[in-house]
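The structure under discussion appears below in the form of structure tokens.
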Amino acid sequence: MSADLDHALQLDADDPLASFRDRFVLPGPETVYLNGNSLGCLPRDALERLDEVVKGEWGTGLSRSWGSNWGELPLRIGDLLATGVLGAGAGDVVATDSTTIGLYKLAWAALDARPGRDVIVADVHDFPTDRYVLEGLAAARGAEIRWISSDPVEGPSVGDVESALGGDVALVCVSHVGYRSGAILDAAAVVGLAHEGGAMVLLDLSHSVGVLEIGLSDLGADLAVGCTYKYLSGGPGAPAFLYVRPDLQEELQQPIWGWWGRRDSMAMGQGYERADGISGYLGGSPAIIGLAVAEAGVRVVAEAGPAALRRKSVALTEFAKSCFGAYLVPVGFRFGSPWPWERRGSHVSFRHADGRELVQRLLKAGVVVDFRDPDSIRFGLAPLTTRFVDVYEGCRRLAELASET
Ligand SMILES: *Cc1c(COP(=O)(O)O)cnc(C)c1O
């Protein structure tokens with residue numbers, strides 16, 4: 001594929017999702033934003049919704065607004081995510097807490113569900129909060145973590161997971177798409193193996209939601225969590241979501257027994273009785289402003305739909321690969337993501353010994369990307385807001401800077 005500007009412009013002109021850019025507030029033309037995998041752009045509908053929920057519902061409606069639809073938000077957004085984005089059923093997902101808290105709640109429940117097994121399998125290259133939460137959980141429960149040393153570019157292989165499994169494993173907790181290299185896990189195979197060995201699987205979908213056709217129900221994973229502020233454009237620190245496979249929702253029990261997760265919560269009765277279904281995974285009062293804003297982002301993503309998002313995402317990362325070959329290889333870069341598109345999520349990493357310093361200079365030049373240790377510059381390509389010319393510009397400017405060193 002040609003990596004020149006004309007080709008980038010042509011790809012933008014032919015992009016069936018191009019009009020979605022108008023639905024977002026975007027930085028000015030001096031900025032090339034390639035960090036939508038870290039913080040997604042602001043949807044215009046979110047601005048409008050923010051005004052409504054703050055001025056109208058909070059300012060004027062005050063406590064009466066709890067009686068309108070505030071209380072429905074966690075399940076309503078959960079249903080929209082499940083049916084419009086994740087490929088799961090209504091009632092399988094709820095929007096609540098942060099990803100960190102969701103991981104803790106669900107991993108705890110999984111350990112309880114496998115008495116006599118005290119090992120959690122996790123990856124040394126997984127996102128930090130995932131690793132730390134599991135460490136804390138293991139310390140609290142006298143459990144042990146069996147670390148997989150995955151290939152930093154290719155991510156955990158099915159073989160890696162297989163060799164970590166055993167009769168003592170309660171849970172395998174892994175990311176669907178790796179935060180550094182963007183490698184896609186063969187989740188269906190991992191779930192199959194783990195289940196054969198009697199273990200549960202908790203998937204972190206933070207970097208796959210909004211860019212892959214996840215088909216969550218078909219994957220058969222027991223549990224999942226994910227973040228809404230990356231490709232879902234839910235806003236900084238927006239509430240996360242959690243998924244519990246429907247046949248497990250009654251069997252499992254999460255550890256934070258709050259009033260919002262109690263049956264008939266407004267009766268305020270004695271003793272905790274877990275609410276039916278996914279509501280039983282709620283804790284305390286939902287973060288209404290954050291949820292209301294996040295819903296706008298989820299709506300736009302659901303409207304575009306996973307199939308079209310995946311097509312655009314693949315086209316973007318393939319074009320980035322062409323630009324890598326044309327501009328970055330000659331100035332000493334190596335590709336830090338899996339090469340075949342089937343194995344890649346929606347960001348690509350370019351590796352360079354001076355990566356950290358180059359990112360600082362790139363930021364000064366108006367190209368927003370980020371750096372991940374030890375040497376990876378990540379280009380996050382958000383299907384609804386990133387143009388092919390942005391990829392072209394980012395690679396050209398990076399190549400120029402690197403040629404000056
Ligand atoms: C972004 C991300 C998180 C974020 O967790 P927070 O609780 O929102 O800080 C967690 N796990 C993965 C894999 C992520 O990519």
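Structure values in brief
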read-out: Distant-in-sequence amide H partners of I148 (H built 1.01 Å from N, under 5 Å); value: A122, D123, V124
read-out: Nearest-20 debye value, segment 188-322 charge dipole, Cβ charges on Lys, Arg, Asp, Glu; value: 540 debye
read-out: Kirkwood Rh and Cα Rg combined as Rg over Rh, evaluated for segment 59-167; value: 1.11
read-out: For segment 200-263, radius of gyration divided by Kirkwood radius, i.e. Rg to Rh on alpha-carbons; value: 1.00
read-out: Dipole of the chain [Lys/Arg +1, Asp/Glu -1 at C-beta], most positive-end residue of C323, L26, V348; value: L26
read-out: Accessible area per residue, Å², segment 329-376 with all protein chains present, probe 1.4 Å; value: 46 Å²
read-out: Listed residues A304, A296, A320, most fluctuating in the chain (Gaussian network, C-alpha, under 10 Å); value: A304
read-out: Backbone HN-Hα couplings from phi across segment 116-130 [Karplus 6.51/-1.76/1.60, Hz, Gly and Pro as x]; value: x, 10, 9, 10, 10, 9, 8, 9, 4, 9, 6, 3, x, 4, 4
read-out: Kirkwood hydrodynamic radius of the chain, Cα pairs, Å; value: 21.9 Å
read-out: Cys with no candidate disulfide partner in the chain (beta-carbon separation under 4.7 Å rule); value: C41, C173, C227
read-out: Relative contact order, percent, the chain [alpha-carbon distance under 8 Å, six or more residues apart]; value: 24 percent
read-out: Percentage, to the nearest whole number, of Cα pairs in segment 286-380 over 24 Å apart; value: 37 percent
read-out: Choice from W341, W58, W108 with maximal GNM fluctuation in the chain (Cα, 10 Å cutoff); value: W58
read-out: Percent of C-alpha pairs per 10 Å bin, segment 168-222, short to long; value: 25, 55, 19, 1
read-out: Dipole in debye (nearest 20) - the chain, about Cα centre, beta carbon charges: Lys, Arg +1; Asp, Glu -1; value: 640 debye
read-out: Accessible area of segment 7-100 divided out per residue, in Å², using a probe of 1.4 angstrom; value: 49 Å²
read-out: Computed helical MRE - 222 nm, the chain, DSSP H runs ≥ 4 contributing -39500 (n - 2.57), nearest 500; value: -10500 deg cm²/dmol
read-out: Karplus-derived HN-Hα couplings along segment 205-216 (A = 6.51, B = -1.76, C = 1.60, θ = phi - 60°), whole Hz, x at Gly and Pro; value: 9, 3, 9, 10, 5, x, 9, 10, 7, 6, x, 4
read-out: Per-residue ³J(HN,Hα) for segment 6-16, Karplus 6.51 cos²θ - 1.76 cosθ + 1.60, θ = phi - 60°, Hz, x for Gly and Pro; value: 4, 5, 4, 5, 5, 4, 5, 5, 8, 6, x
read-out: Descending semi-axes in whole angstrom, ellipsoid equivalent of segment 13-105, from the Cα gyration tensor; value: 28, 21, 14
read-out: Cα lying deepest toward the dipole's positive end in the chain, options L398, G258, S98, charges on Cβ; value: L398
read-out: Average Cα contact separation per residue, segment 1-126, under 8 Å, 6 or more apart, as relative contact order %; value: 11 percent
read-out: Percent carbon-and-sulfur accessible area, segment 142-231, ignoring ligands, DNA and RNA, probe 1.4 Å; value: 46 percent
read-out: Mean separation of Cα contacts under 8 Å, 6 or more apart, over the residue count of segment 264-373: relative contact order %; value: 16 percent
read-out: Highest-fluctuation residue, L291, L242, L47 considered, GNM on the chain with Cα pairs under 10 Å; value: L47
read-out: Segment 150-177 versus segment 57-106: alpha-carbon centroid distance in Å; value: 30 Å
read-out: Two-decimal ratio, segment 332-405, of alpha-carbon radius of gyration to 2.2 N^0.38 Å; value: 1.05
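The values are calculated or read from the model by the stated rules, or taken from the named source; none is laboratory data. Since we're looking at a predicted model, the values are computed, not measured. No Cβ is skipped: glycine too gets one built from the backbone with ideal geometry, and neighbour counts run over all protein chains shown. In case anyone asks, the SASA skips ligands and DNA or RNA and just uses the protein heavy atoms, side chains included. Shrake-Rupley method; radii C 1.70, N 1.55, O 1.52, S 1.80 Å.
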